[in-house]
1. When the chain is modelled as a GNM with alpha-carbon springs shorter than 10 Å, which of Phe31, Phe73, Phe20 fluctuates the most?
2. Using Cβ counts within 10 Å as a stand-in for footprinting exposure, how do Glu36, Glu19, Glu61 rank, fewest first?
3. Ranked by Cβ crowding within 10 angstrom, fewest neighbours first, how are Val135, Val118, Val124, Val140 ordered?
4. Would you order Arg13, Arg7, Arg165, Arg116 from fewest to most other beta-carbon atoms within 10 Å of each residue's own beta-carbon?
5. Toward the positive end of the charge dipole of the range 101-175, about the Cα centre and with charges on Cβ (Lys, Arg +1; Asp, Glu -1), which of Ile129, Val118, Asn157 goes farthest?
6. Starting from the Cα of Lys104, draw a straight line to each of the aspartates and glutamates and keep only those under 19 Å, dropping any in the same chain fewer than 8 residues away.
7. Excluding residues on the same chain fewer than 8 positions from Lys89, give the lysines whose Cα lies under 21 Å from its Cα.
8. Could you check the spin-label model distance between Ile35 and Asn71? Points 7 Å from the Cα along Cα→Cβ, value in nm.
Amino acid sequence: MLKALARFRHDRRGLAAVEFAMIAPVMAAMFLGSIELTDSLACKQKVTGMAATAADLVAQETSVSNADISNVFSAVNSIVYPYPTSGLKIVITSLSYSTSTKGKVAWSNAQNTTARSVNSTVTVPSGVITSGGSVILVEVTYPYTSTLAKYLSPSTNMTSTFYARPRRSTSVTHS
C-alpha cells in the first residue's frame, strides 16, 4: 500500500490537466470581465458625447423651436447606437443668471422624463453663468445593462451633465 501511495505522489502525467482545471475559471472570469469593462466604458463615453452634442447643437442657435429640439433629440439618440435607446432620458434647459451659483430656468424640454419648471432655480458650479448671461444645461441619464450580466444584475444608470454658453447671442430663446 505504501508503494502505491509513493508511486501516485511521484506521478506527474495529469498535473497539467489539474492545473488547467484550477486556473481556467479564473482566466475566463478575467477575460469576460475585461470585455464588460470595455463595453461599459464605451457606453459611458457615448452618454458623455450625447450630453455634449445636445448642448453644442442648441448653443449654436439664437432661437429654437419645438421642431428644432425634436431634431436635437433624434440626433442625440443616434449617438448611443448600437445600444438600445429605450429608457434614455434627456433634459435640455436654458438657464439665465440668478446668482454666481444659481441659474433660473428660462425654458426646458425633455425626452422620456419631466422637463424642469420655468422660473425654478438650478444650482450650477461657480463661474458657469456670468452676470447677465445664460447657459444651456443638458442632463442625460441612460440605463446601461451589461451584455453578459443582464441576467444577473439590474441596469446601472449612467449620467452626464454638460453646460454650454450660447455662441451667437447672450441667450437662446424658445419659440
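1. Phe20
2. Fewest-to-most ranking of Glu36, Glu19, Glu61: Glu19, Glu36, Glu61.
3. Val118, Val124, Val135, Val140
4. On the way: Arg13 6, Arg7 9, Arg165 16, Arg116 20.
So the ranking, lowest neighbour count to highest, is Arg13, Arg7, Arg165, Arg116.
5. The residue sitting farthest along the positive end of the dipole is Ile129.
6. Leaving aside aspartates and glutamates fewer than 8 places away in the same chain, those within reach of Lys104 are Glu139.
7. Lys44, Lys46, Lys150
8. 4.1
Read the figures in this text as sums done on the coordinates, not as results from a lab. Please read all numbers here as calculations on a predicted model, not as lab measurements. Note that each Cβ is placed from the backbone with ideal geometry, even for glycine, and that neighbours are counted across all protein chains shown.
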